[in-house]
1. Using the basic label-point model (7 angstrom from Cα toward the beta carbon), what is the GLU129 to ASP84 distance in nanometres?
2. Run the dipole for segment 55-174 about the Cα centre, Lys and Arg Cβ at +1, Asp and Glu Cβ at -1, nothing else charged, and hand back the magnitude in debye, nearest 20.
3. For a Förster distance of 25 Å, can you work out the FRET efficiency between the beta-carbons of LEU9 and THR100, rounded to the nearest 0.05?
4. Points 7 angstrom from Cα along the Cβ direction at GLN20 and SER38: gap in nanometres?
5. Rounding to the nearest 20 debye, state how big the charge dipole of segment 80-126 is about its Cα centre with +1 on each Lys and Arg Cβ and -1 on each Asp and Glu Cβ.
6. Full-extension gain between ARG151 and SER31, please, as 0.36 nm times their residue separation minus the C-alpha to C-alpha distance.
7. Quick one, which of [x] 16.2, 50; [y] 15.8, 44; [z] 29.2, 108 is the actual Rg and Dmax of the Cα atoms in Å calculated for this model?
8. Which of PRO170, GLN20, ALA39 sits farthest toward the positive end of the charge dipole of the chain, with +1 on the Cβ of Lys and Arg and -1 on the Cβ of Asp and Glu?
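The numbers here are math on the coordinates, done by the rules we state, and not lab data. What you see is a predicted model; the values in this text were computed from it and never measured. Neighbour counts are summed over all protein chains in view; Cβ atoms, including those assigned to glycine, are modelled from backbone coordinates with ideal geometry.
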Amino acid sequence: MVGENAVVLLSRADRFGDLQLQGPPFDLGHSAYDRMFSAADVLPSAGPPNVQPVWESYTHEAALPPPAAGVQLLVSSATVSVVDTGQDWLELSLQAAIDTPSLLEVAAAVEVACWCTNDHNMHAVERSEWLVGSDSALARSFDAAIQKITRWLTTGPREPDAWRDRAGLPGPSD
């Protein structure tokens with residue numbers, strides 16, 4: 001579950017095509033998978049040198065009860081770490097998570113380290129989501145999420161404070 005320990009890492013890879021995928025609530029046909037693979041291959045070349053996505057896929061214990069309303073089970077994710085000083089960071093993420101028994105949510109987000117008095121760990125300062133119920137809709141949404149992340153990579157800003165300022169969040173010096 002997103003934010004809890006009920007998900008188990010299934011695989012980690014530098015390329016989407018090297019992931020083991022399990023868990024979509026519908027069959028993922030070859031055409032949809034190929035379209036997702038092609039979209040994902042664009043991501044490493046979109047960013048600055050040495051900024052590579054880390055892809056992960058997850059599995060879930062078969063005995064888990066169905067997710068409660070508002071709780072999602074991760075299927076796969078990608079994280080592009082644009083800045084990571086050990087204390088501050090700016091990441092771009094793509095997630096596919098089971099939203100309901102028949103739908104996945106695909107989301108692309110810009111995430112920054114939290115500097116609030118109550119430490120939230122991070123804030124998603126910009127986010128786009130797509131709900132999908134078929135493999136062709138998943139491929140379209142996955143492609144749209146990759147395009148969104150590519151746009152963020154190429155147009156910036158590339159510093160966490162600029163994103164925090166836009167969102168009205170405190171920075172490290174506040």
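1. Here the answer is 2.6 nm between the modelled labels.
2. Here segment 55-174 has a charge dipole of around 340 debye.
3. 0.60
4. Taking the two extended label points, one gets 2.8 nm.
5. Working: 0 positive and 8 negative charges, 10 e Å.
With only Lys, Arg, Asp and Glu charged at Cβ, the dipole is about 40 debye.
6. Values: separation 120, 0.36 × 120 = 43.20 nm, distance 2.49 nm.
Taking ARG151 through SER31 to full extension adds about 40.7 nm, to one decimal.
7. [x]
8. ALA39
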